[in-house]
Every structure is written in structure tokens, then in C-alpha cells.
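The values are calculated or read from the model by the stated rules, or taken from the named source; none is laboratory data. Fair warning: this is a prediction, and the values are worked out from it, not measured in the lab. Positions of Cβ are backbone-derived with ideal geometry, glycine not excepted, and every protein chain shown enters the neighbour counts.
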Amino acid sequence: MELRQLRYLVAVAEEGGFTRAAARVRVAQPAVSQQIAQLEREVGAALFDRTGRRVKPTPAGEAFLPCARAALAAADAGMDAVAALSGELAGHLAVGTIPCPPERLLERLGRYRREHPKVRLTLRTGHPEALTAQVGSGELAAAVIGATASRLPAGPAGQVLRPTLASHPVEVEPLVLAVARDHRLAGAAEASLDDLRDEPVVTLTLGAGLRSVLEAACAAAGFVPDVRTETDDLVLLADLVAHGLGIALLPRSAAGRALGGLAVVPLRDAPERSTTLIWRRDHVPLPVRALLDLLRE
């Protein structure tokens with residue numbers, strides 16, 4: 001059994017196919033198929049169901065995956081330890097983030113790249129629940145999610161973070177009201193949540209932190225927002241607002257990055273978006289520790 005076989009196994013499981021997995025590990029697709037077949041002969045069971053459009057792990061594959069990830073993590077930790085002896089950090093750091101990550105994270109990643117040029121960075125976006133699951137399974141080394149008091153934004157009361165995960169706050173930023181430039185509130189010096197009461201609202205899909213903050217803030221103000229349009233893409237959300245499909249609450253940094261067509265109005269008693277970095281307590285490789293050091297400054 002070879003480490004490359006385990007890497008190919010994890011890649012196929014996460015990408016859902018041999019072609020995408022081959023592109024990810026940068027080898028020819030037949031080589032991936034051959035090594036997986038050899039691994040299956042060695043373990044004595046089929047690890048993938050290849051009958052559907054998307055390749056999925058079999059029960060044997062699901063049982064084997066955590067062990068493969070643990071072996072790869074141990075090998076990576078060994079490489080990191082040896083690299084640290086030379087004073088240079090190397091390896092791979094896969095970080096997840098909610099759409100439109102906070103400015104603090106991007107600034108720290110820029111410093112990280114300058115201070116540790118031999119570390120290969122991968123940044124993936126997703127909803128908090130998916131990112132949390134990927135950190136727990138080892139697919140991601142860490143992730144920045146919307147969380148408050150160790151709770152995820154899903155559901156009315158939120159879900160408590162797993163005790164196997166550690167967390168550190170990244171940034172808290174106020175939300176602002178975003179409207180089209182020809183909207184009646186465009187140019188207003190200030191607005192309130194009550195201004196959303198009779199307006200069509202554009203927001204993210206259920207499970208997103210921004211959606212949960214919006215609903216909680218409106219509930220505290222005594223009404224339910226009239227959500228007419230929803231999307232899982234924060235950039236598209238801003239475009240929808242600019243084209244008059246509704247108004248939206250956006251993090252101040254996200255509104256600032258949006259292209260032309262938006263008017264941004266400050267909110268009185270503005271709700272806030274809190275972001276938190278999470279990682280596994282039992283596995284903190286050196287690249288993750290270096291990122292934590294930067295965020296803790």
C-alpha cells in the first residue's frame with residue numbers, strides 16, 4: 001500500500017470521479033484508475049461504486065476513507081516536522097471559507113504567502129455546515145465560518161460546534177443595507193431594519209450565516225422579511241440587488257467589493273456578521289499553527 005494510492009483514493013472520493021481526481025493530483029486518469037484498482041485488490045473489496053454518473057464510495061470505501069486520511073495526515077505531519085528543522089515551513093494548507101471572506105482573513109493569507117512561500121494554499125468556499133463537516137473529516141485543515149458563541153448559523157437556534165473542533169474569532173463587522181441606485185432609499189444618510197418590512201428582500205439560501213443573521217434581526221424587530229429571491233452566491237446577490245430584484249443586508253466589506261450599481265446605506269443598530277476559524281483539536285499541523293499565529297496577533 002502506497003501513500004499515492006491513498007491520495008488518489010481521497011481525491012476520487014472528494015471529486016466524485018476519476019477524471020476530476022486525476023486533474024487534482026496532476027496525473028493521467030488511467031494512472032489513477034490503475035492505482036485504485038490495485039488498492040482494491042490489496043484490501044480485498046471494491047472501494048468505489050462506478051455504476052452511476054458520479055463515482056461514490058462503497059460501504060467498504062466509507063470505512064476505509066477515515067483511515068486513509070489519518071495516514072496521509074500523519075505523513076504530512078512528518079514532512080512538516082522535518083521541514084521545520086530547516087526553519088522553512090512547507091506542505092499544503094487547504095482552508096475553507098464562507099462566500100466573501102472577511103478582509104482580515106485575506107490580509108492574513110497575504111502575509112502567510114509572503115512569510116511561508118513554500119506552503120501551497122488551497123481556498124474553497126461553501127456553507128458553514130458543509131465546511132464544518134469537511135474540517136471534521138480532514139478534507140480541510142481549517143475553515144472560516146459564520147458562528148456566534150460556538151454555534152453554527154443553521155436553524156433558528158443554531159447548532160453547537162462539535163467538541164472535537166477548536167475555534168478562534170476572526171472578525172466582527174456590521175451589516176449595511178444595499179439597494180439599487182434608483183431605489184427610494186438610495187442616498188439616505190441612514191436606514192433602520194424597519195425599512196425592510198415592506199420591501200422584497202434578496203438574501204442567501206437557508207443555512208448561510210448571512211440569512212440567519214437577517215432573519216434573527218428582523219424577528220427581533222417584530223417582523224418576518226419578505227424574501228423574494230435567494231441565491232448561494234454572494235457576488236450574484238449583489239448583482240440581483242443592483243438590477244432591482246430587491247434590497248439586501250450585506251457585510252460592509254462585501255458591499256464595498258461589489259461592482260457598480262449598488263447604493264450602500266448605513267443601518268442604525270446594525271446587526272453584525274461574526275466569523276470564526278475552526279480546526280480539529282486532535283490535528284493541528286504546522287501550516288495551520290502558522291495561520292493561527294497570524295490571526296491571533
Which residue pairs have Cβ atoms under 7 Å apart, sit 6 or more places apart or on different chains, and have a first residue in segment 255-284 that is over 22 Å from Leu196 (Cα atoms) and a second that is assigned to a helix (DSSP H, G or I) and of a type in the set (S, T, N, Q)? Ile278/Thr132
The conditions are (1) over 30 Å from Ala37 (Cα atoms); (2) surrounded by 13 or more Cβ atoms within 10 Å (Cβ to Cβ); (3) in contact with a Leu (Cβ under 8 Å, 6 or more places away or on another chain), and Ala75 fails exactly one of them. Which is it? (1)
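Name the residue, out of Ala28, Ala60, that is over 25 Å from the mean Cα position of the chain (by Cα) and exposed (fewer than 13 other Cβ atoms within 10 Å of the Cβ).
Values: Ala60 fails: exposed (fewer than 13 other Cβ atoms within 10 Å of the Cβ).
Answer to the check: Ala28.
Please note which strands (runs of 3 or more DSSP E) are completely contained in segment 30-149 and include at least 2 residues that are free of Cβ contacts under 8 Å to residues at least 40 places away in the same chain.
On the way: elements: 91-97, 119-125, 142-146.
Strands (runs of 3 or more DSSP E) meeting the threshold: 119-125.
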Hits in segment 238-259 - residues which are modelled with pLDDT under 90, touching a Pro at 6+ places or on another chain (Cβ under 9 Å) and either closer than 13 Å to Val179 by Cα or not hydrophobic (A, V, I, L, M, F, W, C) (or both): Pro251, Arg252, Ser253
Take Thr276 and tell me if it is β-branched (Val, Ile, Thr), under 23 Å from Val95 (Cα atoms) and loosely packed, with under 15 Cβ neighbours inside 10 Å. no
Among the residues of segment 203-230 satisfying the criterion of being within 21 Å of the chain's Cα centre (by Cα) and either modelled with pLDDT of 90 or more or aromatic (Phe, Trp, Tyr) (or both), which is farthest from Pro99 (Cα to Cα)? Glu230
Please state which of the following conditions Val284 fails to meet, knowing it meets all the rest: (1) surrounded by 21 or more Cβ atoms within 10 Å (Cβ to Cβ); (2) part of a loop (DSSP other than H, G, I, E, B). (1)
When segment 163-179 is examined, which residues are found to be among the acidic types (Asp, Glu) and closer than 23 Å to Asp195 by Cβ? Glu173
Hey, Pro66 hits all of (1) surrounded by fewer than 16 Cβ atoms within 10 Å (Cβ to Cβ); (2) farther than 30 Å from Gly44 by Cβ; (3) under 26 Å from the mean Cα position of the chain (by Cα) but one; which does it fall short on? (2)
